[in-house]
Amino acid sequence: DGFPATRLFSQGFSYTYDDVIMLPGYISFPADAVDLSTRLSRRVPLSIPCVASPMDTVSESAMAVAMASLGGVAIIHNNTTPAVQSILVRAAKSRALPFVSNTPFYSPHDPVVNFGEHEYAIVTESGTATSALLGVVAASDWSGLSDKTNTPVSEYMRKSPKSTSSTFNFNQVAAFLENEGLDFAPLVSEDGEIVDLVTTKDVERIRSYPKLGNPSVGSDGKFTVGASIGTREEDKERLKCLVKEGINAVVVDSSQGNSTYQIDLIKYIKLNYPEIDAIGGNVVTMAQAQNLIKAGVDGLRVGMGSGSICTTQEVCAVGRGQATAVYKVASYAKDHDVPIIADGGISNSGHIVKALALGASSVMMGSFLAGSHEAPGTYEYKDGRRVKKYRGMGSLEAMSKGSDARYLGDTLKLKVAQGVVGAVADKGSVLRFVPYTMQAVKQGFQDLGATSISSAHQLLRSEELRLEVRTGAAQVEGGIHGLVSYEKKFF
Ligand code: XMP
C-alpha cells in the first residue's frame with residue numbers, strides 16, 4: 001500500500017511538503033512517549049528539532065535564549081558588523097533565562113525622557129552595563145514627577161537594589177524574588193556586568209507558558225548558540241570574534257553552498273577551529289552534499305528557493321521542491337553521519353513531521369518564528385492586524401546592509417533581489433507556540449508509529465514508511481474547505 005520514499009522520489013518530479021502525504025502506521029504508545037531529541041550537527045545535541053534561521057528579522061539574542069531554553073537553537077545572523085554580531089552572541093551566552101528584557105540604562109545625572117514600554121530603568125555610574133550599579137528607577141516613580149525633563153534619575157531612583165546572579169536559571173531567579181519579597185532584581189555577572197533586570201511580571205508571564213523542558217546547553221554550561229558567517233575573506237576575522245564569544249556552531253551562509261568559496265572556508269574552519277561544528281549549505285542535491293561532506297561539514301542545511309520570502313527559483317530558475325531535496329540529501333548524508341537541517345518552507349507542524357520523516361534531523365524556520373515576541377523589531381498594525389516585519393536576506397532592503405554575500409552578488413555590479421520584504425502575523429511568544437507545535441509533531445509521530453526521530457528514519461530506510469502524492473483535489477480536501485467561515489486556531 002502506498003509507495004516507499006525511494007520510489008516516490010525517483011520519478012522525475014520535484015515535490016514540496018504539501019505534495020506528499022504519509023500513510024499512518026501502527027500506534028502502540030502515547031504521544032507523550034515520543035522523544036524529539038536530536039542533533040543540530042555532529043556534536044551539537046538539541047532536545048527539540050527546531051532551529052531559528054540566521055535572518056535579521058528572526059534571530060538575535062532574545063530568539064537565541066528562548067530557543068535554547070526550549071531545547072532548540074537560534075543561529076544569530078551576520079547582516080551586521082562582526083562587533084555587533086559578537087555582542088548579540090555574548091548577550092545570549094551571558095543569560096540563563098528564557099528572555100531578554102532590554103531594560104534601558106541611565107547615568108545618575110540623566111533625566112528619563114521616555115520609558116516606552118519598559119517598567120524599570122537601571123542606573124549605573126556611567127550609564128553602561130559594565131559600570132557600577134547605583135539604582136533602579138520605576139516608571140511609576142517617574143510618571144509622577146512634575147518636571148520630568150530636568151530631574152536627574154539620581155534624585156528619585158531606588159538606591160542600591162538587591163541583585164542576583166546572571167547564572168541563575170528561571171526557577172532560581174523566581175525563588176530569589178519570592179524569598180526576598182522583591183518586585184524586580186538586576187542580574188549581575190561574576191565580573192560585575194549588569195546583564196538584565198527581572199521582574200515578578202516576567203516570572204508570571206513565563207509561568208503562564210507550557211513548562212520548559214531540557215534547555216540546550218553546551219559543554220561551557222551556557223546556552224547553545226550558533227552564528228552565521230559569509231564566504232568572503234573578511235569572514236575569517238568575523239569567525240574569530242564569534243569563536244571568542246563561545247559559539248557552539250557556525251553556519252556558512254550561502255544560497256548555493258557548492259562553491260569553491262564555501263569549500264575552502266569549511267576546510268579552513270575545520271583546520272583552525274576543530275572544536276566548533278561547521279554547518280554548510282545550502283544544498284538540494286546529492287552531488288552538492290558530497291562536495292561539502294568531503295570538505296568536512298558537521299551538518300548540512302537543505303533548501304533552495306523553498307523559503308516563504310524566497311524568489312530564487314523564479315529569478316534564477318534553480319532549486320528543488322523541499323520534500324524531494326530533504327529526502328535526496330538526507331539519504332546521501334546518512335552514510336556519513338552528517339545531520340540534515342531542513343531549511344525553509346515550514347508553515348505548520350505537519351511540514352515539520354514530513355521533514356523529519358524524510359530524513360532531516362531538525363528544521364530551520366524563518367517565517368514560522370518571525371511573528372513572535374522574540375523576533376527582532378516591533379509590532380506594527382496593517383489592515384487592523386498586528387504584524388512584524390519579515391524580510392528575505394536576499395531582498396534589496398536586507399542586501400543594502402551586507403547580506404548580498406549570501407547570494408554571491410558582486411557589490412560593484414548590479415544587484416538583483418532573490419527575496420522580498422513582507423510582514424507576518426503576531427504569534428505571541430515562541431515559549432508558548434513552539435511547545436504546542438512540538439506536541440502536534442509528537443502526535444504526527446504517534447500516527448506514523450515512530451517513537452523518535454531516529455525511529456522515523458528507520459521506518460524511512462526499511463521502507464515501512466509509505467507515502468503518496470496528493471492530487472490538487474486531495475490537497476484541497478486535506479485543508480479546511482467547504483465552510484462559510486471559520487476561525488483558524490490550533491491551540
Ligand atoms: P521560511 O520559509 O522559514 O524560510 O521563511 C526561511 C529560509 O529562507 C531562506 N532565505 C531566502 N531565500 N531569498 C531566498 O531565496 C531570500 O531573500 C532569503 N532569505 C532567507 C533561508 O534559507 C532561510 O532560512
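The values are calculated or read from the model by the stated rules, or taken from the named source; none is laboratory data. On a predicted model such as this, the values are computed, not experimentally measured, just so you know. Because the Cβ atoms are built from the backbone with ideal geometry, glycine has one as well, and the counts that use them run over all protein chains shown. These accessible areas exclude ligands, DNA and RNA; they are computed on the full protein's heavy atoms, side chains included. Shrake-Rupley method; radii C 1.70, N 1.55, O 1.52, S 1.80 Å.
Convex hull volume of the Cα atoms of the range 307-436, normalised per residue: 139 Å³.
Provide the net charge surrounding GLY366, with neighbours chosen by a C-beta distance below 10 Å and charges set as Lys +1, Arg +1, Asp -1, Glu -1. Walk me through the numbers on the way to the answer.
Details: positive: ARG391; negative: ASP343.
Charge balance in the 10 Å sphere: 0.
Taking amide H as placed 1.01 Å from N in the peptide plane, the amide H of VAL188 sits under 5 Å from that of THR164, SER165, SER166, VAL195, each at least 5 places away or on another chain.
Mean 1/r over all different Cα pairs, inverted: what Kirkwood radius does the range 6-134 give, in Å?
19.0 Å
First obtain the Kirkwood hydrodynamic radius of the range 228-313 from its Cα pairs, then insert it into the Stokes-Einstein equation at 10 °C and 1.306 mPa s, and state the resulting D in µm² per second as a whole number. Walk me through the numbers before you get to the answer.
Working: Rh = 13.0 Å.
Rounded, D is 122 µm²/s.
What order, most packed first, do the peptides 224-234, 124-134 have when packing is the mean number of other Cβ atoms within 10 Å of each residue?
224-234, 124-134
Determine the sum of side-chain charges near ALA473: Lys and Arg each +1, Asp and Glu each -1, restricted to other residues whose C-beta is under 14 angstrom from that of ALA473.
Details: positive: ARG470; negative: ASP18, ASP19, GLU468, GLU477.
Neighbourhood net charge equals -3.
Mean separation of Cα pairs under 8 Å and 6 or more residues apart, divided by the residue count, gives the chain a relative contact order of 22 percent.
Using DSSP, restrict attention to beta bridges with both residues in the range 204-302 and report what percent are antiparallel, rounded to the nearest 5.
Details: 1 of 12 bridges.
About 10 percent, rounded to the nearest 5.
Would you work out the relative contact order for the range 8-93, in percent, from Cα pairs under 8 angstrom that are 6 or more residues apart? Could you put the intermediate results ahead of the total?
Working: 94 pairs, mean separation 17.1, N = 86.
About 20 percent, as a whole number.
The apolar share of the surface of the chain, taken as the fraction of accessible area on carbon and sulfur atoms (1.4 Å probe, ligands and nucleic acids excluded), comes to 51 percent. Dipole check for the range 253-410: with +1 at the C-beta of Lys and Arg, -1 at the C-beta of Asp and Glu, and the Cα centre as origin, the magnitude is about 360 Debye.
Could you tally the net charge around LEU8, taking each other residue with its Cβ under 11 Å from the Cβ of LEU8, Lys/Arg +1 and Asp/Glu -1? If you can, show how the numbers build up before the last one.
On the way: positive: ARG7, ARG466; negative: ASP19, GLU463, GLU468.
Within the 11 Å Cβ shell, the charges total -1.
Remark: the range 447-459, residue by residue, has Karplus-estimated 3J(HN,Hα) of 4, 6, x, 10, 8, 7, 5, 5, 6, 5, 5, 5, 4 Hz, where x stands for each Gly or Pro and the curve is 6.51 cos²θ - 1.76 cosθ + 1.60 at θ = phi - 60°.
Treating r as the C-beta distance of TYR156 and TYR436 and R0 as 45 Å, the FRET efficiency rounds to 0.55.
Dipole orientation for the chain: of the candidates SER165, SER146, VAL84, VAL84 has the Cα lying most toward the positive pole (charges on Cβ; Lys, Arg +1; Asp, Glu -1). Near LEU40, the amide H atoms lying under 5 Å from its own belong to LEU46; only residues 5 or more places off or on other chains count, and H is placed 1.01 Å from N. 3J(HN,Hα) along the range 9-20, derived from phi through the Karplus expression 6.51 cos²θ - 1.76 cosθ + 1.60 where θ = phi - 60°, amounts to 9, 10, 10, x, 10, 9, 9, 8, 4, 5, 5, 10 Hz, with x in place of Gly and Pro.
Counting only C-alpha contacts under 8 Å and six or more residues apart, can you give the relative contact order of the range 213-296 as a whole percent? Relative CO of the range 213-296 lands at 27 percent. Placing +1 on the Cβ of every Lys and Arg and -1 on the Cβ of every Asp and Glu, with no other charges, gives the chain a dipole of roughly 860 debye about its Cα centre. Each principal axis of the chain carries a Cα extent, and these read 76, 52, 45 Å when sorted largest first.
Could you tell me which GluC sites (Glu not before Pro) in the range 439-491 are loop residues by DSSP with no more than 16 other beta carbons within 10 angstrom of their beta carbon? Provide the component values of the computation, followed by the final result.
Numbers: sites: GLU463, GLU464, GLU468, GLU477, GLU487; in loops: GLU463, GLU464, GLU487.
Those that pass, being in a loop and sparsely packed, are GLU463, GLU464, GLU487.
Positive-end ranking of SER131, ASN214, SER101 along the dipole of the range 72-231, with charges on Cβ about the Cα centre, is headed by ASN214. Between the range 281-354 and the range 186-206, the alpha-carbon centres lie 39 Å apart. Peptides 351-357, 285-291 ranked from most to least packed by the mean count of surrounding Cβ atoms within 10 Å: 351-357, 285-291. Net length available on complete extension from SER14 to SER455 is 156.2 nm, with 0.36 nm assigned per residue and the Cα-Cα distance removed.
Using the rule -39500 (n - 2.57) for each DSSP H run of four or more residues, divided by the residues of the chain, the 222 nm mean residue ellipticity is -8500 deg cm²/dmol.
Taking the charge dipole of the range 1-99 about its Cα centre, with +1 at Lys and Arg Cβ atoms and -1 at Asp and Glu Cβ atoms, the residue from GLY25, ALA64, SER37 reaching farthest to the positive side is ALA64.
Under a model in which nothing but the beta-carbon of Lys, Arg (+1) and Asp, Glu (-1) is charged, the range 176-314 shows a dipole of about 680 debye around its Cα centre.
Please work out the average accessible area per residue across the chain, using the 1.4 Å probe convention, and give it in Å².
44 Å²
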